[in-house]
Amino acid sequence: MQLPESKLSSSLEDYLEAIFLLSWKDGEVRVAEIADALGFSKPSVSEALTHLEAKGLIQHEKYRGVRLTPEGRDFAQQVYERHKTLFIFLTRMLGVPSAQAALEACRIEHTISSDTYDRLRRFVGEQLAQTSDGLSRLSELSPGESAEIVRIQAPGWFRHRLLEMGFIAGEVVTLEKIAPLRDPIEFVLKGYHVSLRREEAAHVFVRPIEKDETES
Amino acid sequence: MSSFALSRKMKRNRKQAEPPISWPTRLSSLAEKRGEIVVALAGNPNSGKTSLFNALTGAHQHTANYPGVTVEIKEGVVQRSGVTLRFIDLPGTYSLSPHSEEEIIARDILLQGSADIVVHVIDSTNLERNLYLLTELLDLGLRVVIALNMYDELLRSHARLRVRELSEALGVPVVPTIAHRGQGVNRLWAVIVHVASEPEQKEIQKSVHYGETLETALDEIRKSLHEKTCLGHRYSLRWLALKLLEGDAVIDSVVAVEPGGEESRRIARGLREKIHATYGEDAEILIAEQRYGLVAGIVRRSLSLPLEKRVSFTSQLDRVLTHTYLGIPLFLFFMWALFQLTFSLGSIPQGWIENGLAWLTTQVKAGFPAGPLTDLVTQGILGGVGGVAIFLPNIFFLFFGISLLEDTGYMARAAFLMDRVMHSMGLHGKSFIPLLMGFGCNVPAIMATRTLETRRDRLLTNLLIPLMSCSARFYVYVLFAGAFFPGREGNVIFSLYVLSILVAVGIGQLLGRTVFRGLGSHFVLELPPYRFPTPRAILVHVWMKGSHFLKKMGGYILAFSVVIWFLGSWPRLPASSRDYDAAPSMGATITKDLAQNQHLSEQIGYSAIGRLGTLVQPIFEPLGFTREMTIALIVGAPVKEVVVSTLGVIYGAGSDSEEGLRDVLRSTQLPPLIAYAFLVFVLFYAPCIGTIVAFRRETGSRAWTVFLIAYEFLLAWALAFVVVQGGMILGLMR
């Protein structure tokens, strides 16, 4: 995929991205919502929209919502892809905290050259393919084995419970013991012991840590 | 509302005349009190919160009355050097999210501003996980004092904690305590009074900084809440904004009903979506990560040595107690011991109570002329008192055992070992102990469901406990098996116990998959280190349970017993119907007894219950029950062992002689199949008064109580019907 060399100012890219994100459900978005999301005043949003409309990227009728044209959608999608790739790169591969990474991704996404971005995208893609192959479920560990939590895929309330108990990304968990009847399973994290049912532990995706790695 | 003359809350109160929220958790006892400092104790389970509460309040505690709430909340008022402190022991929770009844109640009490100060009790050996709750308390804008409990264990683990640094980093006073030895309690007291007397404006506490993106989002929601709604009078707007961003359903509905709240909800929804789109994660996750991030950082900075992985004592013990092969046999042994303690040892004081009441009855009978009033006292009231008091030894012994299991930390292991079995019934591992105790007596068993964490698990377990064949039903089995299945008594009785378990499993699965489907049940269970229990904590617990039973249930059980006795004795048989003293011309005492038995039998038939029996007899016709059996069932509905003595009375065998009754029963020529169906019916048909009252009290729900009685009746009828019809098809009816 060839990234179009940026024809827009970074703030216009931000607008486009915001419209893309806000309109993904209904297909359109109101000016007030854009102003809300970006924290700009309505008049300045209207002005920017006029620019975008002139470039044929959006459609904006008075008293109706703002829509992306097919070209606008492509463009916005590319901006958003860049953001996502940068964010994943910063958080998962460099370990930048997510809040900081989001801010910085916002800045880099406008200035990065298409060539550099292409290389980055390939690199991130390869890395992701590798790591997701290496992912296993917390329930699949064997006694004494440790793993780092990567993500939790669970229904909302249960995920919340796990989060509160300290099952957050980056945390190292050790499987301590399996109950005599094979279920539930005892884990150690944050220096305390907690048990989960097998099916519950399966919601937690982890990257097993080699023995040497834990010691070093 | 509260309470202590702290300016801000008072002003809020004046602005907002109406009660802040209509959740059913208003503090009744706090309502009109003034001039005292209200201190709420919050903390994780296993943090020693209750020990600290006991150390702070001593004997001055009672169960607070929260209408419509089944969670037990204790309060204690203590006056010292002119200052009155009212302590509220909040339920132990890991967080303030609305996933369980405990959490919702703890949160509501804190939200209502009922507490001037919150003492956050922390297990020193588990700082990170415990401090997560602190971030939530600070977000609520509460004044917090930390009690760094179990400080001795921290010292013993050779870790060094710089308490002052921790306190400064958290922006909260920190007081090390060793609650079970009462150490640090005076200091804690002083700090509480000091903090409470500080001017409100002094913002010493920090709240978590959630990073720029989230903070911007929070500001935006807060701004809209501030401009468009009046919620600021009642809540910390920052906290509301946080909850809206997290997508907390309870708070969302609070804001939704507020005039002008719709816009804030819309903004929050937009921001949630935006954050999700940007980060690929929900705001909720980011918030939790930030909280733990902050806490971990602070702990790392103030703890000089990492905590030892675990007190080796616990690991050693667990190596045996949750061992692959030894774990379950040991557990079963402990359960056997608990059962023996509760019901075998408990039967000794029960004997004393029975003898005492029997003695009292004879005294009354001797001292007063025979007549309806004396009957009321001896049979109705004393009988009812006996019906209440008889539970007490079981309750005391069972809760002694349960406290021991809980305080040592074994309870969590019991749940760990048994969850596989219980989960297959749709239950929680912790349900095992209450269910098992149900075989002894349902009443203490139902009271023991308090150890379960979620309302769903408690309710479901409570609905199944009455299916456990308690010892009162055993008397009926023995009599019938002896009369109709001579030589096969053992098999018949055993089959009933098996049936009881099978039906409980079936009903558990059925309810779990229908009525309780989708309701949250999980097994995220902390396995705390083993600890030595303190006798004091155990005694307090046992005492609280006993007095709770007497206060909350005793009266009802007594009243119902008297009513049932009354219905069985009135209207009186007209005295003229037959002259008993004239009839036995032979003068033999045996005939006189017979005549008296005859009289009693007729009396029951004539009474309200007897008439009811005749009335409902058609219902039991398909089961082949005789009218006598129907009456015995009605009389026995509230107290099942009475089925035996009632049958004795009705069949004119007297209420005391079991031998005689067995012969009389045998002489009725009742087909054994019907007798067996009768036993099946007795097993399931209705919980006794004590169980119903305990169920009503523990679940706090009249609807569920009615459901319990109805479903058990239908179940009993259906199973008895299946037995009779099935038996007839198989040609078992002689």
message = Can you work out the Karplus-derived ³J(HN,Hα) for every residue in region B:490-504? Use 6.51 cos²θ - 1.76 cosθ + 1.60 with θ = phi - 60°, whole Hz, and x for glycine or proline.
response = x, 4, 5, 5, 4, 4, 5, 5, 4, 4, 4, 6, 4, 5, 4
request  = Could you size up the charge dipole of the protein assembly as shown around its Cα centre, putting +1 on the beta carbon of Lys and Arg and -1 on that of Asp and Glu, and report it in debye to the nearest 20?
outcome  = 1680
message = So if I restrict to the alpha-carbon atoms in region B:415-520, what is the Rg, and what is Dmax, the biggest pairwise distance, in Å?
response = 15.1, 49
message = Restricting everything to alpha-carbon atoms, can you work out Rg to Rh for region B:212-302 with a Kirkwood hydrodynamic radius?
response = 1.03
message = Please compute the average number of Cβ atoms from other chains found within 10 Å of each residue's Cβ in peptide B:323-330.
response = 2
ask   = Per residue of chain A, what 222 nm ellipticity follows from adding -39500 (n - 2.57) for every DSSP H run with n ≥ 4, rounded to the nearest 500?
value = -15000 deg cm²/dmol
query = What is the mean number of Cβ atoms from other protein chains located within 10 Å of the Cβ atom of each residue in peptide B:414-425, rounded to a whole number?
reply = 4
query = What spacing in nm lies between the two simple spin-label points modelled at B:D219 and B:Y325, each 7 Å away from Cα in the Cβ direction?
reply = 6.6
Net charge contributed by nearby residues that have their C-beta within less than 15 Å of B:R627 (K/R +1, D/E -1) = -2
query = Two-decimal Rg/Rh of region B:364-482 from alpha-carbon positions, Kirkwood Rh?
reply = 1.15
message = Quick check: net charge around A:L120, other residues with Cβ under 14 Å of its Cβ, Lys/Arg +1 and Asp/Glu -1?
response = 0
request  = Assign unit charges at the C-beta atoms only (+1 for Lys and Arg, -1 for Asp and Glu), then state the dipole size of region B:212-302 relative to its Cα centre in Debye, rounded to the nearest 20.
outcome  = 300
message = Only sites in a loop by DSSP and with at most 16 other Cβ atoms within 10 Å count here; which trypsin sites (Lys or Arg not before Pro) in region A:85-184 make the cut?
response = A:R182
key: For A:195-203, mean number of other protein chain Cβ atoms within 10 Å   = 4
request  = Find the lysine pairs in chain A meeting two conditions, Cα atoms under 21 Å apart and a separation of 8 or more places or different chains, and report how many there are.
outcome  = 9
Descending semi-axes in whole angstrom, ellipsoid equivalent of chain A, from the Cα gyration tensor = 44, 20, 14
message = Between A:K55 and A:A202, how high is the FRET efficiency from 1/(1 + (r/R0)^6) when r is the Cβ-Cβ distance and R₀ = 60 Å? Nearest 0.05.
response = 0.80
Mean projected area in nm² (Cα convex hull; one quarter of hull surface) for chain B = 38.6
query = So between B:L332 and B:F474, what do we pick up on full extension, going 0.36 nm a residue minus the alpha carbon distance?
reply = 48.9 nm
query = Over region B:212-302, what is the mean sequence separation of C-alpha contacts under 8 Å (at least six apart), divided by residue count, expressed as relative contact order in percent?
reply = 26
key: Whole-angstrom Cα spans of region B:328-396 along principal axes, big to small   = 59, 15, 13
query = Roughly speaking, what is the centre-to-centre gap between region A:55-116 and region B:401-417 when only Cα atoms are used, to the nearest Å?
reply = 54
ask   = Mean residue ellipticity at 222 nm from the helices of chain B, using -39,500 (n - 2.57) per DSSP H segment of n ≥ 4 over the full residue count, to the nearest 500 deg cm²/dmol?
value = -19000 deg cm²/dmol
task = Mind ranking B:129-135, B:331-337, B:149-155 by how tightly packed they are, going by the mean number of other C-beta atoms within 10 angstrom, highest first?
result = B:129-135, B:149-155, B:331-337
message = Multiplying the sequence separation of B:S344 and B:I619 by 0.36 nm and subtracting their Cα-Cα distance, what value in nm do you get?
response = 95.2 nm
key: Rounded to 10°, Cα long-axis angle of helix B:672-684 versus longest principal axis of chain B   = 30
ask   = So how strong a dipole does chain B carry about its Cα centre when Lys and Arg Cβ are +1 and Asp and Glu Cβ are -1, to the nearest 20 debye?
value = 960
note = Computed over chain B, the relative contact order (Cα-Cα under 8 Å, seq sep at least six) in percent reads 9
request  = Could you run the Karplus curve 6.51 cos²θ - 1.76 cosθ + 1.60 with θ = phi - 60° over region A:183-199 and give me ³J(HN,Hα) per residue in whole Hz, x for Gly and Pro?
outcome  = 7, x, 10, 9, 10, 10, 8, 6, x, 10, 9, 9, 10, 9, 6, 3, 5
inquiry  = Counting only other residues whose beta carbon sits under 9 Å from that of A:S98, what net charge do I get with K and R as +1, D and E as -1?
reply    = -2
Long-range tail of P(r) for region B:464-560 (Cα pairs > 17 Å, %) = 75
message = Considering only C-alpha atoms, what is the centroid distance from region B:207-256 to region B:477-537, in Å?
response = 46
query = Roughly how compact is region A:136-215, stated as its Cα Rg over 2.2 N^0.38 Å to two decimals?
reply = 0.99
request  = Consider all pairwise Cα distances in the protein assembly as shown and report the whole-number % of them above 42 Å.
outcome  = 48
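Every number here is computed from the coordinates shown, using simple stated rules; none is lab data. On a predicted model such as this, the values are computed, not experimentally measured, just so you know. Here the Cβ is made from the backbone with ideal geometry for all residues, glycine too, and neighbour counts use every protein chain on show.
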